[in-house]
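Single-structure report; data block below.
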Amino acid sequence: MKRFAIIIMLLIPAQLWGQTPKFTGPEKVEPGSLIHLTIDIPESWGLIFESIPDDLFFVQLDQGTTRNFICAAGCATGKTIVVKAIYGRLENGRFVLNKVQHKVSVEGTTPVPPPPPPPPPDPSQGVRVMILIEESEPSKIPAAQAQALTDVQVITTLNSKCEKLRTSDGQMSPAWRKFDDDLTDDDIKLVPDPLKALYKRGVADSKGKVPWIVTQGPKGITSQEYPKTISEAISFFQAL
């Protein structure tokens, strides 16, 4: 059990112990919410706090007769939190410990943290390019833009502009790829890591809008729609 605080208990005359301290507070909370508990107890009495589970962190808000405490319900839904207050009592010359407890049920949907954003590509002096397309619907791309995706001059510019990366078979190839935007991690497991990072960045930024292009080079990182024409694409790649 985790102890929140131990206050030195005073030897108080027995007639002052005419009441039994009681907790007041919620009996049901949602996962991750704050539990605000109150216990009425003479200011001079000392307390020891325990909890189940024992990883709750208590914050005492005051030191008066009515003592307020806050802790976070961090456990998953369906669990029960038990908070215990242990206090002392002088009986027949002996100091006897007594205990009072309060149960709180954690009910509701456990909050799911959002997935972390894809890591940014590592800085590099070499040019790297990732192009995202929708292979199942090529007809939706305007004709001029579709030509800019496959034109020989565009590909030649990419091959000459991009740095060389080692592939899974040990060969060196220009650091650019053109992939469907619905690939899984398993689909791209053999792709060089720098290009994987660009792919994930493109999927996150494009939000399904294709064709999309992510580039990395001496001038930084760009993430935008793919150029509309062959001449625009060549000029774009030459400027990287």
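The values are calculated or read from the model by the stated rules, or taken from the named source; none is laboratory data. In this text, all values refer to a predicted model and were calculated from it rather than measured experimentally. Because the Cβ atoms are built from the backbone with ideal geometry, glycine has one as well, and the counts that use them run over all protein chains shown.
With the checklist (1) of a type outside the set (Lys, Arg); (2) surrounded by 20 or more Cβ atoms within 10 Å (Cβ to Cβ); (3) closer than 15 Å to Leu132 by Cα; (4) out of contact with any Cys (no Cβ under 9 Å at 6 or more places or on another chain) in hand, flag the one item Gly208 doesn't pass.
(2)
Look at Thr167 and say whether it is in contact with a strand residue (DSSP E or B) (Cβ under 7 Å, 6 or more places away or on another chain) and either modelled with pLDDT under 95 or not assigned by TED's automatic domain parsing to the domain that holds Ala233 (or both).
yes
Just name the residue that is modelled with the lowest pLDDT out of those in the range 121-164 that are of a type in the set (D, E, K, R) and either buried (at least 19 other Cβ atoms within 10 Å of the Cβ) or not assigned by TED's automatic domain parsing to the domain that holds Gly202 (or both).
Step by step, filter the range 121-164, then rank; the result is Asp122.
If we keep just the residues of the range 157-202 that are of a type in the set (Lys, Arg) and assigned to a helix (DSSP H, G or I), which is farthest from the chain's Cα centre (by Cα)?
Among those residues, the one meeting the criterion is Lys161.
In the range 211-237, what residues are loosely packed, with under 13 Cβ neighbours inside 10 Å and at pLDDT below 95?
Pro218, Lys219, Gly220
Touching a Cys at 6+ places or on another chain (Cβ under 8 Å), free of Cβ contacts under 8 Å to residues at least 40 places away in the same chain and not hydroxyl-bearing (Ser, Thr, Tyr) - does that describe any residue in the range 173-189?
Yes, the range 173-189 contains a residue that is touching a Cys at 6+ places or on another chain (Cβ under 8 Å), free of Cβ contacts under 8 Å to residues at least 40 places away in the same chain and not hydroxyl-bearing (Ser, Thr, Tyr).
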